[in-house]
Each structure stands twice: as C-alpha cells, then as structure tokens.
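Data first, discussion second: the structure below is written as structure tokens.
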Amino acid sequence: MSSSAALRSRIAKRLLGSGYQVTPEVLEKLTELGEDVAEELVRWLASRGERMSLIDARTLELFLEGKSLQEVVEGARPVEGTAAGEEFELKVLKPTYEEIRMEGKVEEFTVYRINRFAALWRISSRRGIPLNSIREILESGGEGYAVCEVREVSRGDGYYRLRLEDPNGIWNAIAPARDRSLSEKVESLCTDMVVVIRVSARGSRLVVRDVMLPDVPQTDRPFRGPDLRVCVISDVHVGSARFNRRAFNDFLDWLSSEHANLNVKFLLINGDLVDGVFVYPGQREELEIKTLKEQFAEAGRLLAKVPKEVKVVYAPGNHEPVRRALPQPPVHAEHRRVLDPEGRFVFLGNPALIEIGGARLLLFHGQTLDDVIQSSMRFSYSDLRKSAGEVMEVLLKSRHLAPSMEVTPIIPWKEDHLLLEEVPHVLATGHIHVAAFRLYRGVRLVNSGTFQDQTKLQKGVGLEPTVGTVAVIDLRDLTVRFEQFA
Ligand SMILES: [Fe+2]
Ligand SMILES: [Fe+2]
C-alpha cells in the first residue's frame with residue numbers, strides 16, 4: 001500500500017470509529033490536508049454536540065472556514081416570535097429539503113439501507129450489550145445478541161417464524177409463542193425494523209429469546225423553560241366536505257380570547273392543513289372546495305383570525321401539494337402567497353426540528369404511522385383510540401421516523417433526516433386523526449388529532465377520529481393538555 005493510500009485508510013478508519021462517514025471527495029481532501037486536520041475536524045464536530053453521519057464537501061468547507069456547525073448541518077435560522085414586548089426565538093434545526101433529489105437508481109436504495117442499518121447498529125451498540133453477528137452466534141453454537149433487520153414475521157402453530165437480514169445474509173428463526181412477553185414484542189415488529197435480538201443456536205436452527213429496539217435512554221431531568229405555551233394542530237383538511245368549520249372557528253375564537261391569558265406564542269400546524277386534490281381516487285366527490293388555490297385562500301381567511309402576537313409555523317403532510325416521499329419540502333411559494341399574503345408564517349419541511357425556549361420539538365406529520373399499523377400484527381385502525389400512544393412510541397423506540405417502509409415512499413438521501421439520532425423533548429405527530437399523549441422515557445409524544453369529521457374511508461376501517469382537538473404545550477415544564485372544540 002502506498003503511503004498516501006495508508007494515510008487515506010487511517011483517516012477513514014478514524015472517522016468511522018467516531019461515527020462519521022465521508023464522501024470520497026472529502027476523504028481525498030482530508031488525505032491531502034493530513035491526519036491532524038482530520039483529528040481537528042472530529043473534535044470540531046463533537047464539540048458542537050451535534051451528530052451527523054455523513055461529512056460532505058460543504059461541511060468540510062465550512063469547517064475550514066471556521067463557521068458554526070448549526071449552519072453546516074441544519075442551516076439553522078432563527079425566527080422571531082414576539083409577544084407583548086418580549087422576544088422568543090424559534091430556531092429551525094433541520095433543512096427544508098428542497099435540494100434533496102434522487103436519480104432513481106436501485107443502488108441509491110441499497111446505499112440508503114446500508115447506511116440506515118449502520119446508523120441504527122451504532123445507536124443499538126450504545127445500549128451496552130455485547131453484540132455479535134448472527135453468523136458468529138451460529139458458529140459458536142451458543143447464545144448472543146445480534147442486530148438485524150426484520151424481513152417477515154408470520155405465525156405458526158405455537159411459534160412465530162421470522163426472516164431476518166444482516167450484512168451477512170438472510171436468516172430464518174423461530175420464536176416460541178408460549179412466552180407472552182416475547183409474543184407481544186414479536187407481534188409489534190414491523191417489516192424493515194432494525195432490532196437487537198437475543199438468539200440461541202440449536203444446531204443449524206436459530207431460536208429468538210428476546211427482541212429489543214434501539215430505544216432511547218431514560219431522561220429524568222426536569223425541563224425548565226420560558227412561561228409560554230405552544231398550540232399544536234394538524235389535519236384540519238380545509239376543502240374537504242368533512243372539514244368541521246364550526247370546531248375550527250371555535251378554536252380560533254378561543255385562541256383570540258385566551259392567547260394573552262395563556263401566553264400562547266406559537267401555533268404549530270403539523271400537516272394536512274388543506275385536503276388537497278388528487279390525493280386518493282375519488283377524492284373530488286368528497287371535496288367542498290375543488291381547487292388548491294381556493295383551499296389555500298380559505299385556510300388563509302380562517303388563519304387570518306390568529307392574533308398577530310402568535311407566530312404560525314406550518315409544515316406539510318401527505319395532503320399538501322408537495323412530493324409524497326419523505327422528507328418533504330415546505331409548500332411552494334405560489335401557495336404560500338395565497339395562504340399568507342402578509343408573510344407572517346414560517347414554512348417548514350416535514351419532518352421539522354425546531355427549538356423554542358430551549359425545548360426541542362420534532363414536528364413530523366406521521367405518514368409512517370400507517371406503515372407501523374399496517375405491517376405489525378399488534379395494531380389496527382379500529383383500536384387507535386386505545387393504542388395511538390403505543391404506535392407513536394414505536395417511532396421513538398426504533399430511533400427512526402420510518403421504522404417500516406411498506407407504504408410511505410422515502411427519498412434515499414445520503415443524509416438520513418428520518419433517523420432519530422438526537423432525542424427531542426417532544427415528538428409531535430398527526431395523520432392518524434386520533435389525539436393522544438404518551439410520556440415515554442422522558443419524551444413527550446403528542447398527536448394533535450383533527451378538524452375533519454369521520455370520512456368514508458375511516459368508517460370502513462373502523463377509525464374513530466377525535467375531532468376538534470388541539471394540543472397545548474406549556475414550555476415551563478413541558479406539560480401537555482388537550483383543548484376540545486366541537
Ligand atoms: Fe390528515
Ligand atoms: Fe395525513
């Protein structure tokens with residue numbers, strides 16, 4: 001090996017060992033600059049407390065220019081939220097994804113899956129469990145822990161059949177159904193989920209003894225934030241014949257009258273503000289407003305009632321006229337002008353990570369909650385009034401906003417914006433039209449419900465929406481309560 005090839009290999013290993021991957025272009029440049037610069041780059045990234053998996057040319061360029069990591073990774077931009085003479089800064093900590101594209105090559109998905117597996121393996125390894133590969137466990141004839149992706153789970157007579165995949169191949173395993181705790185875990189599994197399994201080798205057979213998700217660490221630290229409240233709504237569906245205008249108007253009247261008393265400074269709209277057009281076959285017959293322009297104009301007329309002191313933040317969902325695949329960019333400028341002619345709103349992508357008064361809120365419309373419900377044996381739409389909290393919990397425990405990729409399309413981008421590398425204080429979702437709250441390991445999981453009455457499709461699957469619900473988050477201690485308008 002030439003000395004430059006050896007140097008290149010040492011730098012790549014050093015970066016990988018710290019959890020970073022580099023583009024070939026960056027590796028070449030770092031080889032030219034030398035090991036000390038690579039070392040400094042690792043320290044520089046770590047000192048900013050932000051985790052990123054891929055160092056690209058722009059990151060390196062900004063590091064060399066001595067700019068801050070927030071600018072590099074997230075394109076953070078502060079936005080003012082003013083009220084009664086006070087200023088509250090809203091920091092936007094994720095990009096808006098306009099630049100994200102795919103070429104449509106199969107390799108893009110392969111690379112995405114490999115990176116996703118590697119990132120979740122790295123997160124799983126932080127649980128402190130000694131990890132082996134399934135092959136090593138089989139060869140040793142003993143028992144051990146391994147990280148793998150779930151390909152398929154089916155029920156046999158007294159057992160479950162699992163097809164698992166890791167970088168060495170695809171493995172068949174069984175899990176005994178008589179173990180109730182294990183059964184519950186196996187039935188919660190979704191296709192594509194990356195899990196840690198405790199498995200024992202019985203000759204050439206693999207028997208699953210336990211299943212764990214990468215999971216989040218417990219955080220007991222109490223949060224102390226500013227004296228202000230944030231309202232979260234989603235799934236308003238303006239334009240749908242089932243839009244509950246009365247409940248939404250009641251909410252807007254309440255917001256006008258109570259914002260000062262309650263100190264509401266932000267209104268976060270977490271997707272499906274409008275019903276959109278051509279979202280599903282036959283939608284036209286269920287629309288009261290048949291064009292996007294009119295839907296946005298009507299939403300704008302309604303939201304004009306929001307007091308000027310309340311900053312409106314709007315991220316899209318699957319009904320907005322943006323690309324379906326995640327991550328999604330904000331709605332296009334032509335719709336923004338119609339919705340918000342005065343330029344008061346902050347338009348974000350989906351998912352969006354924001355910070356208000358030190359609290360990190362991850363806004364995610366929640367399209368992949370469908371993937372979780374549909375690919376696991378445990379959940380169903382008719383049961384969401386009881387299980388919505390558990391369904392949301394799956395995203396957090398999986399440390400990925402797309403634990404399963406069965407239904408929702410994903411853009412296989414080099415930087416995985418759906419990975420939950422950092423754990424937020426609040427994960428706010430919508431999409432399932434059922435309001436729910438769950439505190440899991442110190443993280444607040446909130447689903448804000450809907451302003452759309454039950455649709456035919458929902459009736460068909462037995463889904464009972466919670467109509468007219470608004471989540472109100474108190475930033476002093478992050479307590480969450482729901483206001484109901486009907
Ligand atoms: Fe919706
Ligand atoms: Fe939705």
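The values are calculated or read from the model by the stated rules, or taken from the named source; none is laboratory data. Everything numeric in this text was worked out from a predicted model, so none of it was measured. All Cβ positions, glycine included, derive from the backbone under ideal geometry; neighbour counts span all protein chains shown. Remember, those area values only see protein heavy atoms, side chains included, never the ligands or the DNA or RNA. Shrake-Rupley method; radii C 1.70, N 1.55, O 1.52, S 1.80 Å.
A few points about this structure:
- Restricting the range 297-318 to residues that are within 16 Å of ligand 1 (Cβ to nearest atom) and open to solvent by less than 10 Å² (accessible area, probe 1.4 Å), the residue that is farthest from Gly357 (Cα to Cα): Ala299
- Count of the range 293-324 residues which are of a type outside the set (Lys, Arg) and more than 16 Å from ligand 2 (Cβ to nearest atom): 14
- Just one residue in the set Leu339, Leu348, Leu361 is more than 19 Å from the chain's Cα centre (by Cα), open to solvent by less than 10 Å² (accessible area, probe 1.4 Å) and more than 16 Å from ligand 1 (Cβ to nearest atom); that residue is Leu339.
- Going through (1) out of contact with any Cys (no Cβ under 8 Å at 6 or more places or on another chain); (2) under 30 Å from Val423 (Cβ atoms) one by one, Leu267 falls short only on (1).
- Candidate set: the range 167-186, residues that are of a type outside the set (S, T, N, Q) and in contact with a Phe, Trp or Tyr (Cβ under 8 Å, 6 or more places away or on another chain); chosen: the one most open to solvent (accessible area, probe 1.4 Å): Pro167
- Residue in the range 242-280 that is nearest to ligand 1 (Cβ to nearest atom), counting only those that are more than 17 Å from Arg481 (Cα to Cα), open to solvent by 10 Å² or more (accessible area, probe 1.4 Å) and among the acidic types (Asp, Glu): Asp250
- Selection count where residues are over 17 Å from Arg122 (Cβ atoms) and touching a Lys or Arg at 6+ places or on another chain (Cβ under 6 Å), scope the range 394-423: 1
- When the range 400-419 is limited to residues that are in contact with a Leu (Cβ under 9 Å, 6 or more places away or on another chain) and of a type in the set (Val, Ile, Thr), the one that is surrounded by the fewest Cβ atoms within 10 Å (Cβ to Cβ) turns out to be Ile411.
- Restricting Leu326, Leu267, Leu292 to residues that are among the aliphatic types (A, V, I, L, M), farther than 25 Å from Gly468 by Cβ and within 28 Å of the chain's Cα centre (by Cα) narrows the list to Leu326.
- Tabulated pairs, the range 53-71, first over 23 Å from Gly17 (Cβ atoms) and assigned to a helix (DSSP H, G or I), second among the aromatic types (Phe, Trp, Tyr) and modelled with pLDDT under 60, C-beta under 8 angstrom, 6+ apart or interchain: none
- Ala436 open to solvent by less than 20 Å² (accessible area, probe 1.4 Å), within 25 Å of Asp477 (Cβ to Cβ), over 11 Å from the mean Cα position of the chain (by Cα) and small (Gly, Ala, Ser): yes
- Applying the criterion of being within 16 Å of ligand 2 (Cβ to nearest atom) and in contact with a His (Cβ under 6 Å, 6 or more places away or on another chain) to the residues of the range 325-366, the residue that is nearest to Arg101 (Cα to Cα) is Pro327.
- Conditions (1) at pLDDT 95 or above; (2) within 16 Å of ligand 1 (Cβ to nearest atom); (3) not basic (Lys, Arg); number of the one not met by Gln283: (1)
- Residue check for Arg163: loosely packed, with under 12 Cβ neighbours inside 10 Å and within 29 Å of Pro327 (Cα to Cα): no
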